[in-house]
Amino acid sequence: MLQIVKSENNLLRELDEGAFEKGTWINLMDPSSEELNTVKRLVDLPLDVLTAALDEEESARMEIEDEYILVIIDIPRKRDNDRYETLPLGIILLPETIVTVCLEETDVLTSFNRMTARLFDTGKRTRFLFNILYRSATFFLRYLRQINIRTDEIERHLRQSMKNEELFQLLEMEKSLTYFTASLRTNHMVIDKILRLRNNPRVEHLIKIYEEDEDLLEDAMVEYRQAIEMVQMYSQILSGMMDAFASIISNNLNMVMKFLTSMTIILAIPTMFASFWGMNVGVPWLGKAAGFWAVGAISAVAAGISAYALWRRNML
């Protein structure tokens, strides 16, 4: 999808696909080859620059050229209730416009819409870039809180059911935190590089950091540091929780096996007496009506003594 918009008087005006004005925001989401060629013609950019963020394995980085600055960051996405991932977002700063490229529609970019138009300005390219960085950090924090809440829910279920399904859900959470950890660190490195560009005459025509812009970038850095600390803490808690519940499940299995073994021993005693008196040879009380009750009483007493002995040894 190709979308070209421009901020005007705290409103967002949408332009035709083939139109171009100074101060516009060109947004590409899962673009077709035709849409890529249209943007290539409008802004005169190499096609490999436009498609750099369309590779899911692309890592966060920054590329500086005389005609443009390419910033690629990882942004979070929610797949389902227990699965979170990241995907690359390309942000290209040009002298008169800003271009964003992403594989799919995400909450980070859709939050910049007509309802929130007064909070950003597509004409202020540097500030808009920092707004995107800040918004991505806030979504990382939001998803991390959701992961923490979901982990608490799974923990409550595990205390009652101890099923493998809950452990698999915790494994998905742990994978999500691993993705977030790698992405947050590389994003923070990219922000550090951007911050070092201030007062750099080589890129002043592309990115000029004013004092208020610098404050916004520092806010984004603070949010990323907080997200990094949170993801590390949650990872340690989740890892310890998985180990603890795995040990609990193993211990419960041992207790069940111990109980079943003890019951097998107890039930084997009456079976042994029945086997002895069921032999086709002469045995005591043969032919006597009281013989059955005598054998039954003896086997019951022997089983009771065995059960008491096992109970005393805490095996029953």
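Each value in this text was obtained by applying a stated rule to the coordinates, not by laboratory testing. None of the values given here were measured: they were computed from a predicted structure. Methodologically, a virtual Cβ is constructed for each residue, glycine included, from the backbone with ideal geometry; neighbour enumeration extends over all protein chains shown.
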Task: Computed magnitude of the charge dipole of the chain (debye, nearest 20; Cβ of K, R +1, Cβ of D, E -1) - done: 2340
- [ ] Counting other beta carbons within 10 Å of each Cβ, put Tyr84, Tyr210 in order, fewest first.
- [x] Tyr210, Tyr84
Task: Stretch in the chain that is longest and holds no trypsin sites (Lys or Arg not before Pro) that DSSP places in a loop and that have at most 12 other beta carbons within 10 Å - done: 23-162
- [ ] Please give the calculated 222 nm ellipticity per residue for the chain, where each DSSP H segment of at least 4 residues contributes -39500 (n - 2.57) and the sum is spread over every residue; nearest 500 deg cm²/dmol?
- [x] -20000 deg cm²/dmol
Task: Net dipole in debye of the stretch 1-89 [+1 Lys, Arg Cβ; -1 Asp, Glu Cβ; about Cα centre; nearest 20] - done: 360
TODO: For each of Tyr224, Tyr143, Tyr308, count neighbouring Cβ atoms within 10 Å of the residue's Cβ, then give the residues from fewest to most.
DONE: Tyr308, Tyr143, Tyr224
TODO: Pop a pseudo-label 7 angstrom from the Cα along the beta-carbon direction at both Phe292 and Glu34 and give the gap in nm to one decimal.
DONE: 9.1
Task: Pairs beyond 25 Å (Cα-Cα), from Lys6/Lys208; Lys40/Lys124; Lys175/Lys258; Lys6/Lys40; Lys40/Lys193 - done: Lys175/Lys258; Lys40/Lys193
Open item on the list: Could you list Val203, Val301 so that the one with the fewest beta carbons within 10 Å of its beta carbon is first and the one with the most is last?
Closed with: Val301, Val203
